[in-house]
1. Given the condition closer than 22 Å to residue 294 by Cβ and in a helix (DSSP H, G or I), answer yes or no: does some residue in segment 605-618 qualify?
2. Which count do you get for residues in segment 200-218 that are without any contact (Cβ under 8 Å) to a residue 40 or more places away in the chain and either touching a Leu at 6+ places or on another chain (Cβ under 8 Å) or part of a strand (DSSP E or B) (or both)?
3. Given the criteria crowded, with 22+ Cβ neighbours inside 10 Å, in contact (Cβ under 8 Å) with a residue 12 or more places away in the chain, under 23 Å from the mean Cα position of the chain (by Cα) and outside the structural domain of residue 152 (by TED's automatic domain parsing), does residue 26 qualify?
4. How many residues are over 20 Å from residue 135 (Cα atoms) and touching a Gly at 6+ places or on another chain (Cβ under 9 Å) if we restrict to segment 88-103?
5. Sort through 653, 709, 724 and tell me the only one that's modelled with pLDDT of 95 or more, aliphatic (A, V, I, L, M), surrounded by fewer than 18 Cβ atoms within 10 Å (Cβ to Cβ) and out of contact with any Lys or Arg (no Cβ under 8 Å at 6 or more places or on another chain).
6. Give all pairs with beta carbons closer than 9 Å in which a residue from segment 238-262 that is under 28 Å from residue 225 (Cβ atoms) meets a residue that is aromatic (Phe, Trp, Tyr) and part of a loop (DSSP other than H, G, I, E, B); count only pairs at least 6 apart in sequence or on separate chains.
7. Hey, among 635, 546, 597, which residue is assigned by TED's automatic domain parsing to the domain that holds residue 307 and either in a loop (DSSP other than H, G, I, E, B) or touching an Asp or Glu at 6+ places or on another chain (Cβ under 6 Å) (or both)?
8. Within segment 127-151, track down each residue that is part of a loop (DSSP other than H, G, I, E, B) and either farther than 19 Å from residue 257 by Cα or not assigned by TED's automatic domain parsing to the domain that holds residue 254 (or both).
Amino acid sequence: MKKNLILILMALGLACNVLAKELAQFVNPFIGTIPGSGNTYPGAQVPFGMISWSPHTLDPSAVGYNYNTNRITGFGLVHSSGVGCGAACELPFIPTTMTLGQSPVTNRNAYSSTYSHTNEMASPGFYSVRLSLAGISFETTVKARSGIAHFDFPETPAASVIFNPTANANGVWDGAIQIDPTNQSIRGWVKSGGFCQSTENNYTVYFAARFDRPFKSFGIWQNEVRKDGENRASGNRLASYITFDCSTSRRVAMKVGISFVSTSNAQLNLDQEIPDWDFASVKAAARADWNKQLSRIQVEGGLNEDKTIFYTALYHSLMLPSIFEDVNGEYRGMDDQVHAVSGGHHQMATFSGWDTYRTQAQLWGLLYPEMASDVCSSFLSMSRQSKYKGGGGLPLWSLFNDETRIMIGYPADAYIANAYAFGATNFDLMALKEVMVDSGKNERWCGRNVNVTWEFLSEYKKYGFCPDDLMPAACSRNVEYSVADFAVGQFCEALGDSPDAAYFIKRSQGVFNLINPQWGYLQRKKQDGTWVTPFDRFSGDGFTEGNSAHYTWTIPHSLKKLIQLAGGKEKAEAKLDELTSQLANGYDYNSKYYEAGNEPCFGVMPVYNWLAKPWKAQEKIRTVLMNCFSDKPNGIPGDDDSGAMSAWYVFAAIGLYPEIPGVGGFTVLSPLFPKTMIQLPNGKVVKIVAKNSSRTSKFIQSMKINGNANSKLWLPLGKLESGASIDFKMGNLPNTNWGVSDLDVPPSLEPDPQ
């Protein structure tokens, strides 16, 4: 009994040790802040937070900030991390001591200031900078829906804070400002949208701000005209200013809350989350929240540079989707009406579907199943709230509370199935399954007016594949549909719906109608069954952000069949060797080489495990980690896409990759760190020890699971859920005898294996 008690105490101590680490120190929010390399921002945000108070610069990235410029134009409250098109950047403020002679409406950069990175600092939940031109220091920290900032002005009787909503990413369609000098506050709203030129997409953001001292003066701009003493403005060409006398007391404090429901809710969020002016306590709470979430994975050993890349990747993976309801539970739905979230849940918003289903859904399901469950519950709400043509569908790429119709496929199905397979179960499983099945068989809509869910569904069902002469991007669309089909099938099977499971899994095989056996690659096909010629595997025609050389390997549920149709193992290996022999740079979708910076290549290198050549997967993925990621501002190889790229890095670095959609398990890769501790939500710990692992010692020599020798390249999640110890021996040279038998190869789940 005493021995058992000691073991229990040791286990509890281990779990507490995992959770107690100060890991925010390894996060560098400036990683990925150069346009095209991440498109992330350095500003203050808590995990899954609605508000993200971040600087905007000249020549900005899609999310407002460009590390390579030296001038700040404002500090916005709402951002969308990692996106490829200009998005959000709503409600920017800028402090200034300049004479208010120009209208910020007609010159959005009129009150910008130079700055230096030597006077700029960012850490999880905190940001600060000194604006050189006017000698103003700015710092901010946040809660989930609100934030607090300090403006430290030089001694001056004319210290102003300018609110310029028109300086967002895509312009303001309408808005209103109201200044209340009696209560030292300002409030209002703006309507915007237009993500990736989606003219139908729109949303409204509300704000309420309060200052800690009286106003000396105030006014508004309508277009070019400044109106001193006026306290109201409306329309799409508006701005305002508040001026303070800082002749003796230089600091001005400001608190602000946001909402997508109303200004009164924005005020409520502010009052409940930050009731006083204690900046330090808000900052400490934000850092504690980040440490709590980051501590779900603890890595030890290796270089601090690699830890910085790793924890920054985990940090970036937790920014979107973000909570969308206010402190009273209200949120604005896809029908633009106000709804109440169920108790104990969050309504989540901004779903970068084409990207995040591949990696982030599994990461959240494994580590943050409650948040992943809330994403799934939010999908169900979106389906029920969509009214256009009866609604009933799931989002493709939603921004806040509307659809944008960006990218292709039907990724919500795969996201739900992946999150569920990795541990997210706290949502209405049967109700969501019915939506998935129904929208997979019938034309349904999501959003207020733009998104048919399975676009070209009738043609897809009629021909059993996506004909190139009937729809754009037919080959890549078919790949995405096959993944969605298989995911729905897996979800149905898990819930006991065998007939629908069989239907969708069978339909998932239709993509193989587009593998031309002459070449062993995906090729465009017409509705009459003839191939589109001439064939060029490096052409992007028929594909979205890629080509046949990339997309052919993205049928992860039936890789055995794919390898056979590619000409067998030897020919498939030669094709894969050619693709991965070099790493392409930038966004060359006609490239003949592996694109580390884009989603179609996420699951490509693990395919070597299905070819019984695991050492090639180990070597080539390590090459990507070492050459395409860094701890510098250009340290992400492409758009981070709401954390999808960062989640890929997390899995690749721990040496376990969730290749098969809708299936809880991993194919085994090469652990980067000598020791990794994964804290599961049930309190169990998965301990991964990789003896001799380093940047160059990347080849698995042997592996044990709970002390038992293992050479299988697939690790079911069930083997980890009760806690597990995984021990690797690593070396500088490949072990070509490990993981190479037919029994070692991961599963291939086609319904008719050949």
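1. Within segment 605-618, the subset closer than 22 Å to residue 294 by Cβ is none.
Checked against the condition, which is being closer than 22 Å to residue 294 by Cβ and in a helix (DSSP H, G or I), segment 605-618 yields no hits at all.
2. Residues that pass the stated criteria total 2.
3. So residue 26 passes the test.
4. So the answer is 4.
5. Values: 653 fails: surrounded by fewer than 18 Cβ atoms within 10 Å (Cβ to Cβ); 724 fails: out of contact with any Lys or Arg (no Cβ under 8 Å at 6 or more places or on another chain).
From the options 653, 709, 724, the qualifying one is 709.
6. That search, which allows pairs on different chains as well, returns 242/215; 243/215; 244/153; 244/215; 246/153; 252/153.
7. Details: 546 fails: assigned by TED's automatic domain parsing to the domain that holds residue 307; 597 fails: assigned by TED's automatic domain parsing to the domain that holds residue 307.
Being assigned by TED's automatic domain parsing to the domain that holds residue 307 and either in a loop (DSSP other than H, G, I, E, B) or touching an Asp or Glu at 6+ places or on another chain (Cβ under 6 Å) (or both) holds for just one of 635, 546, 597, which is 635.
8. Here is the first cut: in segment 127-151, the residues part of a loop (DSSP other than H, G, I, E, B) are 132-135, 143-145.
Correct list: 132, 133, 134, 135.
The values are calculated or read from the model by the stated rules, or taken from the named source; none is laboratory data. Since the model is a prediction, treat every value here as computed from it, not as a measurement. Positions of Cβ are generated from backbone atoms using ideal geometry, with glycine treated the same way; all protein chains shown enter the neighbour counts.
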